[in-house]
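Some notes on the structure that comes next.
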Amino acid sequence: MKVIKDNLRAINEAVLILKKGGLVVFPCETVYGIACDCLNPKAVEKLNQYKERPFGKPYAIMCSSRKMAKEYVNLNETAKNLYKTFLPGPVTVVSTGLHKVAMGIESETGTLGVRIPDYKFMRDLIKKFGHSIVATSANASYQKRPYKINDILDNLSEKQKLLIDLAIDAGELPHNEPSTVIDTTLDEPTILRQGEIKLKGKNEVTSRSEENTQNIGKELWQKYERYKDKRAIVFALQGEMGAGKTIFTKGLARAMGITELVTSPTFALENEYRTGKEKLFHIDVWRLEKSDGLKALGFEDLIKNKSVVAIEWAERVADEIRKFDDEVVVVWVKIVFGKRPARNASSIADAGGDNERLISWGVEK
Amino acid sequence: MKILSIDTSCDETACAVTNGTKILSNIIWSQVSAHAKFGGVLPSLAQRMHSEHIDRVVKQAINNSQLTINKIDAIAVTVGPGLSIALGVGVNKAKELAKKHHKKLIAVNHLEGHILSPLASPANAQLTMNNPLRGNNLQFPALGLVASGGNTILVKINKVGSHETLAQTTDDALGEALDKAARMLGLGYPGGAILEKMARSTRLTRSGQARRNPYILPIPIVGQEERKIFTYSGLKTAMNRLIETKKPLTKEKVYNLAACFQDVAFTHLIRVLRYCIIHKQSLASQSTGKQSLASQGPGNSSFVIHNLLVGGGVAANVELRRRLRKLGREFRISVHFPYSNKLTGDNAAMIGIAAYFKAQRGEFVDPDKIDRDPRAKLSHSEAKW
């Protein structure tokens, strides 16, 4: 292993070593990292040996620019915004990978984390190298965060030391935290695939409070209650985070005579409330990867049993719901925030006081 | 007593071996890496995922404990609350192991696991007599708080195994609300842990002074803490509005918005907790019956709460810990957190701890009768205080 200072010559030397499939310890704005060529499977294997981690645990790659990143990952809107706001900087953005990198870098599900360092020396190095590098913190697994070259060397076995080909020493780095990893892959716009939901006629009311929203849930139950026990009734709820989908369901449950506490099903995916003979199934598909996830939750049985079901983020599984169009009463309910207040919401009253929502509903054309 | 425990209540496939309150092994298979999180991962098909991993996870837990299955005294498993199809995988596996190896079987409530998680100690810990956390020595009644991605609940623990609900969420769990706020800020999902990091970035200015957050969000049910609920729906609405007015978001704005949301979410939690602690007086009078009511003067409670046990993923949040400790100092209550962050998120070691106390009480179940209970409750009564 050779240790050199972080000057221009170091860039040339590091590039040579990377090209040969070697491992380079480098400084950046977070901690000392260790890198290799992301396209060279042998180099990645060497990195695995050094980190003593099993094959299959994903790595992040480091790029010099967003343009370079786009060669390796597919950037959705969320990712683009994050790049704009936080990169270069200590944030690793996880996107869907394009499978350009060597095996074992992307995750099992094909996602890949990308970071652009806020450290000019490294951006110059990567640019000169010509493509992305795999980069991870240089400490051996479970050892302390490396802010000096010696933090690393003191905790390494002789065997591990031999694996490092070059170490670039920039002295002691400021003690910043490691990068934050943000996964954007759950924000894929699955909605587009499912086609727009067009309703027959147009029923629209304004809700000015959570109570109002609950009452609308109650009214809609009264309107469709006549189908109960004859057919399954699905309330397909659409609306942004915080729009009031769970609040609506509370009203629905109350109208059905359910006294159990209705809470958000986002985490559990499915809640079942029961009071006496009355039963309501409350599903949230926000975290489901694909619309067939609804099947896994036993949606078909719910339909067969003529159940009453409320589904949050229903537009994400519209295809799956439509399959049962003939046997089910599907009531689409859309809750959108009312118009933005004209004044700048900077005081408590403004920020919290404006509770207006537009709630529209109907059955699909 | 050595217990093999299994938890498959949601996204994590977990198995552990415990000896009393000591943890011999604690294996968690998770789709995401070791980054702290309390929202859950994408559970495309939770059941299939658990089925694929459970055998490996069980095997590894036994291996890491350096025991063999013969040395295990009982099998424990989470029966609820959780995702029905996911729970089924763990329950079936536990049933199968209990029958095959002729072990006693213990059914555990996931929330009780979280509540008792601070009682866990490392395998090599020296438990001294004066350690207040030595399980049976803990003074009761105590308070138990679970703040996770799936639940937010405050209970009075009369003794281990006997709980009364004091307050619970009426919409989102705290961890879930933080995750959703992160998502509104474009920080992915689940992003509660990221939100915490972003929030930390604002605390000090370059000169080291505490910075005043330029944003204000309303504290949920402020002044109405007697309702004893946790609620985040109104806060989410306000956050949504606030973000709308601040677009386009810069790095600084994201930091400040994250800090503001987290601050208000925690302030609400602490205010409800404080209300419940201050008003334990009336609880004392109601729960101990009429006789003790007569003997009580104002400010002279018939019992004192000495301990608060905190579990769940959000218990890993440094800022929340700071505030809970501060509240504890104010009321001379010791606040206990799990010794490792690996015990805050969903795990099976905490199930083993809860199972140990159940075994001591002789609460075993027939392997042919055990069943999952997706909406399992922690207590059948709500405390009236």
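Where a number appears in this text, it was derived from the coordinates with a stated rule and is not lab data. Nothing here was measured: the structure is a model prediction, and the numbers come from that model. Don't worry about glycine lacking a Cβ; one is built from the backbone with ideal geometry, like all the others, and counts go over all protein chains shown.
At a 10 Å Cβ-Cβ cut-off, how would you order B:PHE303, B:PHE357, fewest neighbours first?
Values: B:PHE303 17, B:PHE357 21.
Final ranking by Cβ density, sparse to dense: B:PHE303, B:PHE357.
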When the Debye formula is applied to the Cα atoms of the protein assembly as shown, each taken as the same point scatterer, what base-10 log of I(q)/I(0) results at q = 0.05, 0.06, 0.10 Å⁻¹? -0.27, -0.39, -1.11
Linear extension gain, B:ALA125 paired with B:ARG200, 0.36 nm per residue minus alpha-carbon span: 23.8 nm
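Under 10 Å from the Cβ of A:TYR83, count the other residues' Cβ atoms, weight Lys and Arg +1, Asp and Glu -1, and hand me the total.
It works out to a net charge of +4.
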Separation in nanometres of the label points that stand 7 Å from Cα toward Cβ, at A:GLN143 and A:GLU278: 6.3
Phi angles of segment B:256-262, converted by Karplus (6.51 cos²θ - 1.76 cosθ + 1.60, θ = phi - 60°) into ³J(HN,Hα) in whole Hz with x for Gly and Pro, give 5, 5, 4, 5, 5, 5, 4
Simple spin-label estimate for A:ARG53/B:ILE270, 7 Å along Cα→Cβ, in nm, reads 3.6
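Assign unit charges at the C-beta atoms only (+1 for Lys and Arg, -1 for Asp and Glu), then state the dipole size of segment A:128-274 relative to its Cα centre in Debye, rounded to the nearest 20.
Details: 21 positive and 21 negative charges, 208 e Å.
Roughly 1000 debye for segment A:128-274.
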For every helix of n ≥ 4 consecutive DSSP H residues, a contribution of -39,500 (n - 2.57) applies; sum these over chain A, divide by its total residues, and give [θ] at 222 nm rounded to the nearest 500 deg cm²/dmol. -8000 deg cm²/dmol
Only Lys, Arg (+1) and Asp, Glu (-1) charged, at Cβ; segment A:2-187 dipole about Cα centre in debye: 500
Going by how many other Cβ atoms sit within 10 Å of their own, how do B:SER84, A:SER209, B:SER9 line up, fewest first? A:SER209, B:SER84, B:SER9
Which one of A:ALA314, B:ALA167, B:HIS101 is farthest out on the positive end of the charge dipole of the protein assembly as shown, using unit charges on Cβ (Lys, Arg +1; Asp, Glu -1) and the Cα centre as origin? B:ALA167
Taking θ = phi - 60°, what integer Hz values does the Karplus form 6.51 cos²θ - 1.76 cosθ + 1.60 yield along segment B:91-103, in sequence order, with x for Gly and Pro? 4, 5, 5, 5, 4, 4, 5, 5, 5, 4, 9, 6, 10
Helix A:245-256 against the longest principal axis of chain A: what's the angle in degrees, Cα atoms only, rounded to the nearest 10? 30
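Can you compute the FRET efficiency between A:LYS161 and A:LYS306 using 1/(1 + (r/R0)^6), with r the Cβ-Cβ distance and R0 = 60 Å? Round to the nearest 0.05. Show your work: numbers first, answer last.
Values: r = 69 Å, r/R0 = 1.15.
About 0.30, to the nearest 0.05.
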Size of electric dipole in segment A:114-158: Cβ of Lys, Arg +1 and of Asp, Glu -1, about Cα centre, debye, nearest 20: 280
Separation between Cα centres of segment B:222-281 and segment A:245-266, rounded to whole Å: 22
Determine the gain in length on full extension of the stretch B:GLU330-B:VAL304; use 0.36 nm per residue of separation and subtract their C-alpha separation, reporting nm with one decimal. 8.0 nm
Long-range amide H partners of A:VAL181 with built H, under 5 Å: A:THR92
How far, in degrees from 0 to 90, does helix A:8-19 lean away from the longest principal axis of the Cα atoms of chain A, to the nearest 10? 70
Considering only DSSP beta bridges where both residues belong to segment A:191-362, give the percentage that are antiparallel (nearest 5). 50
At R0 = 35 Å, FRET efficiency that the Cβ-Cβ distance of B:LYS369 and B:LYS71 yields, to 0.05: 0.85
Fewest to most Cβ atoms within 10 Å: A:LYS120, B:LYS180, B:LYS358 sort as A:LYS120, B:LYS358, B:LYS180
Neighbourhood charge, 12 Å Cβ-Cβ cut-off, centred on B:TYR275 and excluding it, Lys, Arg +1 and Asp, Glu -1: +3
Once both axes come from the Cα atoms, what is the angle between helix A:120-129 and the longest principal axis of chain A, in degrees from 0 to 90, rounded to 10? 80
Any idea how far apart A:MET103 and A:HIS175 come out in nm if each label point goes 7 Å out from Cα toward Cβ? 4.3
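Can you tell me how much longer the chain between A:ASN74 and A:ILE4 gets when fully stretched, taken as 0.36 nm per residue apart minus their C-alpha distance, in nm with one decimal?
On the way: separation 70, 0.36 × 70 = 25.20 nm, distance 3.63 nm.
Gain in length upon complete extension: 21.6 nm.
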